[in-house]
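Trainee: Sharing a structure, written as structure tokens. Questions coming.
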Amino acid sequence: MTHLRDLPAIESALSAYLSGAWGRPVRCTDLEETSVGARRGNILFRAIDGETSHDLVVTIYPPADVVIFGVHDETGALRLAEAANAPVPHVFEVCDDPSWFGEPFFISQRVFGESLPRSILRLVAADDSLGERVGAQIGRGFAAIHSVPATDCPETIRRPLDVAPSATALVTLREQMDELLQPAPVFELGLRWLERNQPDPPAAHTMVHGDVRTGNILVSADGLEAILDWEGCHTGDPHEDLGWVCIRTWRFGNDELEVGGFSPRRAMVEAYEEAGGRFDPHAYHWWKVLGTLRWGVGLSRQSVQHIQRTYRNIAMAGSGRRAVELEYDLLRLLGPVL
């Protein structure tokens with residue numbers, strides 16, 4: 001494997017940091033870079049603390065100009081979700097001092113399981129009951145996350161509480177579309193439909209993960225192990241999460257299984273409602289359309305960032321070519337309702 005970072009130097013720095021943070025000698029070993037994430041560095045390692053061994057992950061942030069939220073925002077949300085019994089890794093340490101690795105970082109529990117979409121789908125293919133089980137577990141996980149009131153969330157991740165979340169989302173989307181380098185008629189059509197068909201505001205604004213999908217979950221043969229990647233957490237309408245996990249992009253060819261290509265939507269929604277969530281079909285469809293448009297615009301903007309040298313990365317550079325797939329998905333979603 002080609003290492004993108006200086007692992008021996010990181011191993012030494014981790015040992016020094018944890019020894020100081022825990023007040024006793026800690027030796028870090030067995031470092032392994034993961035292939036997940038175009039922006040952030042996630043490195044698996046083992047911390048030897050006397051006779052105790054801890055399987056951990058250090059997440060190193062990208063440069064500050066491409067960070068969505070700060071390290072304290074993300075880990076604060078993670079800890080709130082854990083307190084609500086959502087399936088998330090426990091956060092041990094948070095540090096915004098860039099002298100250790102060049103950028104802020106946090107250290108969390110390593111949860112074992114598969115995150116790569118194809119690996120998850122292979123697990124599901126080997127067990128007829130696993131897919132629906134994971135779908136139901138995602139529903140219960142959403143119910144736990146959405147039980148956290150917006151007013152309990154860190155102020156920095158709160159979106160305006162006196163404005164409908166749909167309206168806030170449309171303002172952001174309009175701004176992002178204006179940054180594109182060429183006209184996008186299908187995206188404009190989608191935005192016009194969204195503006196004219198906004199759902200009723202939710203009964204209450206809650207914590208929203210914002211990016212639960214195949215690739216940001218850990219799955220084992222036993223089911224859902226953890227929901228990962230909280231850098232986009234914010235407050236808003238719970239239907240945003242329900243719609244996002246079901247967009248076609250995350251199904252990887254298994255289009256008939258709406259949740260990640262492994263579970264029917266029914267399993268997720270039934271478990272969500274049984275755990276206290278409220279499901280509205282129109283709000284769900286609206287946020288699904290918005291999620292599809294949002295991802296198409298997002299792919300286009302990733303290429304723009306590379307072209308304009310805001311964030312040079314070959315994975316980002318190649319993202320824009322996939323925007324046409326989202327245009328196709330958007331037209332299919334809008335066809336029955338236009």
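The values are calculated or read from the model by the stated rules, or taken from the named source; none is laboratory data. What you see is a predicted model; the values in this text were computed from it and never measured. With ideal geometry, Cβ positions are generated from the backbone for all residues, glycine too; neighbour counts draw on all protein chains shown.
Trainee: Would you tally the residues in region 60-100 being in a strand (DSSP E or B) and modelled with pLDDT under 95?
Mentor: Residues flagged as in a strand (DSSP E or B) and modelled with pLDDT under 95 within region 60-100 amount to 1.
Trainee: Being surrounded by fewer than 19 Cβ atoms within 10 Å (Cβ to Cβ) and in contact (Cβ under 8 Å) with a residue 40 or more places away in the chain is the requirement here; does residue 283 meet it? Let's see the steps before the verdict.
Mentor: On the way: surrounded by fewer than 19 Cβ atoms within 10 Å (Cβ to Cβ): no; in contact (Cβ under 8 Å) with a residue 40 or more places away in the chain: yes.
The answer is no for residue 283.
Trainee: I need a count of the residues in region 137-178 that are of a type in the set (D, E, K, R), under 27 Å from residue 214 (Cβ atoms) and touching a Ser or Thr at 6+ places or on another chain (Cβ under 7 Å). I'd like the intermediate steps shown before the answer.
Mentor: Residues of region 137-178 that are of a type in the set (D, E, K, R), as a first pass: 140, 152, 155, 158-159, 162, 174-175, 178.
From the residues that got through so far, the ones that are under 27 Å from residue 214 (Cβ atoms) too are 140, 159.
Retained after the next criterion (residues that are touching a Ser or Thr at 6+ places or on another chain (Cβ under 7 Å)): 159.
So the count comes out to 1.
Trainee: Ok, one more. Of everything in region 184-212, what is in a helix (DSSP H, G or I) and either touching a residue at least 40 places away in the same chain (Cβ under 8 Å) or among the acidic types (Asp, Glu) (or both)? Give them in sequence order.
Mentor: First pass over region 184-212, keeping only residues in a helix (DSSP H, G or I): 185-196.
Result: 186, 187, 188, 189, 190, 191, 193, 194, 195.
Trainee: Based on what the data block shows, is residue 310 modelled with pLDDT of 95 or more and either over 20 Å from residue 191 (Cβ atoms) or β-branched (Val, Ile, Thr) (or both)?
Mentor: Values: modelled with pLDDT of 95 or more: no; either over 20 Å from residue 191 (Cβ atoms) or β-branched (Val, Ile, Thr) (or both): yes.
No; evaluated as a whole, the condition is false for this residue.
Trainee: Please determine, by comparing only the residues of region 148-183 that are part of a loop (DSSP other than H, G, I, E, B), farther than 18 Å from residue 75 by Cα and of a type in the set (A, V, I, L, M), which one is farthest from the chain's Cα centre (by Cα). Let's see the steps before the verdict.
Mentor: Just the residues of region 148-183 that are part of a loop (DSSP other than H, G, I, E, B), to begin with: 148, 153-154, 158-164, 178-183.
Pick out the ones that are also farther than 18 Å from residue 75 by Cα and you get 160-164, 178-183.
Then drop every residue that is not of a type in the set (A, V, I, L, M), which leaves 161, 163-164, 180-181.
Numbers: 161: 22, 163: 24, 164: 22, 180: 23, 181: 26 Å.
That would be 181.
Trainee: While we're on this one: In region 247-270, is there at least one residue being acidic (Asp, Glu) and farther than 24 Å from residue 120 by Cα? Break it down into steps so the answer makes sense when it comes.
Mentor: Residues of region 247-270 acidic (Asp, Glu): 255-256, 258, 270.
Filter again for farther than 24 Å from residue 120 by Cα, leaving none.
No, region 247-270 has no match at all.
Trainee: Does at least one position in region 189-202 carry a residue that is assigned by TED's automatic domain parsing to the domain that holds residue 330 and surrounded by 24 or more Cβ atoms within 10 Å (Cβ to Cβ)?
Mentor: In the first step, residues of region 189-202 are kept if they are assigned by TED's automatic domain parsing to the domain that holds residue 330; the result is 189-202.
Cutting the leftovers down to surrounded by 24 or more Cβ atoms within 10 Å (Cβ to Cβ) gives us 190.
There is at least one residue in region 189-202 that is assigned by TED's automatic domain parsing to the domain that holds residue 330 and surrounded by 24 or more Cβ atoms within 10 Å (Cβ to Cβ).
Trainee: Scan region 222-252 for residues that are of a type in the set (Asp, Glu), assigned to a loop (DSSP other than H, G, I, E, B) and within 14 Å of the chain's Cα centre (by Cα) and jot them down.
Mentor: Filtering region 222-252 down to residues of a type in the set (Asp, Glu) leaves 222, 225, 229, 231, 237, 240-241.
After this cut, where a residue has to be assigned to a loop (DSSP other than H, G, I, E, B) as well, the list is 222, 229, 231, 237.
Selection gives 229, 231.
Trainee: A further question on this structure: Could you list, in sequence order, the residues of region 101-133 that are within 21 Å of residue 41 (Cβ to Cβ) and either outside any loop (DSSP other than H, G, I, E, B) or small (Gly, Ala, Ser) (or both)? Explain how you work it out, then say what you get.
Mentor: Here is the first cut: in region 101-133, the ones within 21 Å of residue 41 (Cβ to Cβ) are 101-117, 119.
Across region 101-133, the qualifying residues are 102, 105, 106, 107, 108, 109, 113, 114, 115, 117, 119.
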